[in-house]
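These notes are about the structure you will find just below.
Read-outs throughout are calculated quantities, based only on the coordinates presented, and are distinct from any laboratory measurement. Not measured: the values here are computed from a predicted model. Quick reminder, even Gly has a Cβ in these numbers, built from the backbone with ideal geometry, and neighbours come from all protein chains shown.
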Amino acid sequence: MTAPSAAEIARAAALLRSGGLVAFPTETVYGLGADARNPEAVARIFAVKGRPQNHPVIVHIPQMDHLRYWAREVSPLALALARAFWPGPLTLILARARGVGDAVTGGQDSVGLRVPSHPVAQALLRAFAGEESGRRFDGIAAPSANRFGRISPTTAEHVRADLGSDVDMVLDGGACEVGIESTIVDCSHGAPVLLRPGRISADDIAGVAGVMPLAATRAATRAPGTLESHYAPRHPLRLVRTADWEKALAQTPGRRAVLALREQPKGDPSVRWIRMPQDPTRYGHDLYANLRALDACDCEVIVVEAPPDGLRWEGIRDRLTRAAAGG
Ligand code: TXA
Ligand code: MG
């Protein structure tokens, strides 16, 4: 596996402490990191991404006991979810502690927190945390390391292609294992609310919480992941149900690129056809890299075969539905 050296991790942590921006791998997607306690550094994230300032960002912490610096109350539900899924691809929304700045919360009374499992993210978080000249460093704010509204990066190459020299350093940890952004569960109002589906499914949450998470209502969240046009490739993306597949393809002549669960039939004229894995875990791992590859080819439209029903596919259906809405 690709892994930065100890010296590179130390340089990245020092950059963050001095207000710089460092892109780093997590098990979900690459994050664009800044010192979560430094409002100017966090403001730079928004400027580089071209993201509205009032959107909250996730604060990444090295381990669960850092929750006390960020959350004023950790309910038994939140604690159970953290114990079950951290380190891992789950973000918890909790009531924010005193002194947690508006820069990371978007002015809301809650804060999003996650302990990532990726060894490079872990090494960076640990190297960053600590005291220096009377200042405490204990969390890295990081949205996905892409321009606002575009596809999240799952390799260091994607980050460089998107952000270029706007980022001070990119830590290369190879391709992200999960491949789609973390599951977000709001625990700040009692019953769990699923704000964004991901690899950890509603079923997985229910297995720990004892109840199915509620679906998010549009008004209840300011998450940009809930904007319809998020995660969009440059070319229009058409999401087609399996039952309508042949007809829809016949009605989409011209230079089309295809992402499908099935093989390309002999004689099919698509400029590029990528066959996806039948399993949601492997599908998620490949999704964004393949969408980027199709987006980069000489096509006019990307036609995607809708993935199957079922809770394990919910995160993938969610991203594809948004990508289709954004075209
Ligand atoms: O997998 C991930 O979550 C990646 C990696 C880098 O950790 N990060 C990520 O960040 O996807 P971002 O900013 O692209 O999406 C985070 C989502 C946003 O939709 C944001 O609005 C939501 O989390 N969020 C963060 N804090 C929140 C809060 N206090 N209340 C509601 N939503 C919040
Ligand atoms: Mg994002």
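Most simply put, the chain has about 45% antiparallel DSSP beta bridges, counting only bridges with both residues inside it. For the pair His189 and Ala3 in one chain, pulling the backbone fully straight at 0.36 nm per residue adds 63.0 nm over the alpha carbon distance.
The modelled label-to-label distance between Leu214 and Asp102, using points 7 Å beyond Cα along the C-beta direction, is 2.7 nm. Where does helix 39-49 land angle-wise versus the long Cα axis of the chain, in degrees 0 to 90, nearest 10? Long axis of 39-49 versus the principal axis of the chain: about 10 degrees.
Amide H to amide H distances under 5 Å link Ala71 with Ala97, where only residues 5 or more positions off or on other chains count and H is placed in the peptide plane. From the alpha carbon centroid of region 171-190 to that of region 298-327 is 19 Å.
If R0 is 41 Å, the Cβ-Cβ spacing of Met64 and Ala161 corresponds to a FRET efficiency of close to 0.75. Length, then width, then depth: along the principal axes, the Cα atoms of region 121-226 run 43, 37, 27 Å. A straight chain from Glu132 to Asp203 at 0.36 nm per residue would run longer than the Cα-Cα distance by 21.3 nm. Taking a ≥ b ≥ c as the square roots of the eigenvalues of the Cα gyration tensor, region 1-130 is oblate, since a/c reaches 1.5 or more and a/b is not larger than b/c. Just so you know, the averaged projected area of the alpha carbon convex hull for the chain sits at 16.4 nm².
Taking each DSSP H run with n ≥ 4 as -39500 (n - 2.57) and averaging over every residue of the chain yields -9000 deg cm²/dmol at 222 nm. Classify region 133-193: rounded, prolate or oblate, from the alpha-carbon gyration tensor (a ≥ b ≥ c, eigenvalue square roots; a/c under 1.5 rounded; otherwise prolate if a/b is larger than b/c)? Because a/c hits 1.5 or more and a/b fails to exceed b/c, region 133-193 counts as oblate. Each part gets one Cα centre, and for region 238-266 versus region 98-145 those centres are 43 Å apart.
Semi-axes of the equivalent ellipsoid for region 267-316, computed as √(5λ) from the eigenvalues of its C-alpha gyration tensor and ordered from largest down, come to 22, 12, 9 Å.
As a calculated quantity, the FRET efficiency between Ala296 and Trp245 at R0 = 30 Å, using C-beta atoms, amounts to about 0.80. Once the Cα atoms are used to define both axes, helix 6-17 deviates from the longest principal axis of the chain by about 70 degrees. Against the empirical 2.2 N^0.38 Å (N residues), region 237-325 has a Cα radius of gyration ratio of 1.01.
Computed over the Cα atoms of region 88-180, what is the ratio Rg over Rh, Rh following Kirkwood? With Rg and the Kirkwood Rh in hand, the quotient comes to 0.97. Taking every DSSP bridge with both residues inside region 51-172, close to 75 percent are antiparallel.
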